[in-house]
Amino acid sequence: MSYVQYELADDLVVTLTIDRQEALNALNEQVLLDLDEALDRAVADHARAVIVTGAGDRSFVAGADVVKMSTMTSAEALAFSDMANRIFLKLERLPMPTVAAVNGWALGGGCELSCACDIRLASEKAAFGQPETGLGIPPGFGGTQRLVRTVTPGVAKEMIYTTRKVKADRALAIGLVNEVLPPEELMDAAHKLASEIAAQAPIGVRAAKRALTLGTGTDMATAVAIEAAQFASCFGSADQREAMTAFAEKRKHAPFEDR
């Protein structure tokens, strides 16, 4: 992978670092293909949590490659959007939780990439935005759909229609990020959060994520039926039996075996 660094820690937390610093980590076809490969690798490695971040101290992902897009035909633009959306959907639907550690600019495709993650942490230097309408296009990598589900519809529409950038403190206030940290503390905080997730029973975490993903946006009767099915699916697993037995016996449970 030319543009994505892959690191698997002992606690089964994977860190994916998008590294195209000469272009502020902007997304071109090769970056997307590398990200696609890295996501498949995280699944194959049975990762329990995934962190997504950008290389350097200036940019998470500063958007899609505008220079490349400037000469695209409509058919080429559709193919580019379809590729990005397929990969972002794969990220969103990973079985394990994902944390975006937003270290700088998260504009356009970068904001959209962060919204495809489950949780967002931001450096004090981070800024989010959807600048596409200023370039004669709407967002094309899920921005009109995920942003409106992450913040209020009015805030999402304001960001998209005006192209205004949202700094880290404002991002926290509108619920776009979970926490804002000094730049030097961002990755440690992301690893701490991911490690806490990884320490839980993977079968329970995966079931919870499926329930959240499948149930969100449906009516309540459908949503709770989805939850009940995921709840029931974990019973009889080795980790469920051991954890509940340990609780009843007032002892610490054995390490989770992920089965």
Quick check: the angle from helix 29-44's long axis to the longest principal axis of the chain, C-alpha only, nearest 10 degrees? 0 degrees
Taking the chain as the reference, fit the longest principal axis to its C-alpha atoms, fit the long axis of helix 74-92 to the helix C-alpha atoms, and give the angle between the two in degrees, 0 to 90, nearest 10. 20 degrees
Using a basic spin-label model with each label point 7 Å from the Cα along Cα→Cβ, how many nm lie between residue 58 and residue 92? 3.1 nm
Using only the alpha-carbon atoms, how far is helix 238-248 inclined from the longest principal axis of the chain? Give it as 0 to 90 degrees, nearest 10. 60 degrees
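At 1.4 Å probe radius, can you tell me the per residue accessible area of the chain in Å²?
Heavy-atom accessible area per residue stands at 50 Å².
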Students often get this wrong, so try it: which of (i) -0.64; (ii) -0.51; (iii) -0.46 is log10 I(q)/I(0) by the Debye sum over Cα atoms at q = 0.10 Å⁻¹ as calculated from the structure shown? (ii)
Give me a comma-separated list of calculated 3J(HN,Hα) values for segment 7-19, in order, Karplus coefficients 6.51, -1.76, 1.60 applied at θ = phi - 60°, integers in Hz, x for any Gly or Pro. 10, 10, 8, 4, 7, 6, 9, 9, 10, 10, 10, 6, 10
Specify the inter-centroid distance of segment 209-259 and segment 1-51, based on alpha-carbon positions, in whole Å. 28 Å
Output ³J(HN,Hα) for segment 107-123: one whole-Hz value per residue in order, computed from phi by the Karplus curve 6.51 cos²θ - 1.76 cosθ + 1.60 with θ = phi - 60°, and x for Gly and Pro. 10, x, x, x, 5, 5, 4, 5, 6, 7, 8, 6, 9, 10, 10, 10, 6
What pairs in 68/157; 68/192; 125/252 have C-alpha atoms more than 31 Å from each other? 68/192; 125/252
Residue 234 and residue 1 label points (each 7 Å along its Cα→Cβ direction) are spaced in nm at 2.8 nm
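The values are calculated or read from the model by the stated rules, or taken from the named source; none is laboratory data. These numbers were taken from a predicted model, which means no experiment stands behind them. Counting neighbours? That spans all protein chains shown, and the Cβs are built from the backbone with ideal geometry, glycine included. In case anyone asks, the SASA skips ligands and DNA or RNA and just uses the protein heavy atoms, side chains included. Shrake-Rupley method; radii C 1.70, N 1.55, O 1.52, S 1.80 Å.
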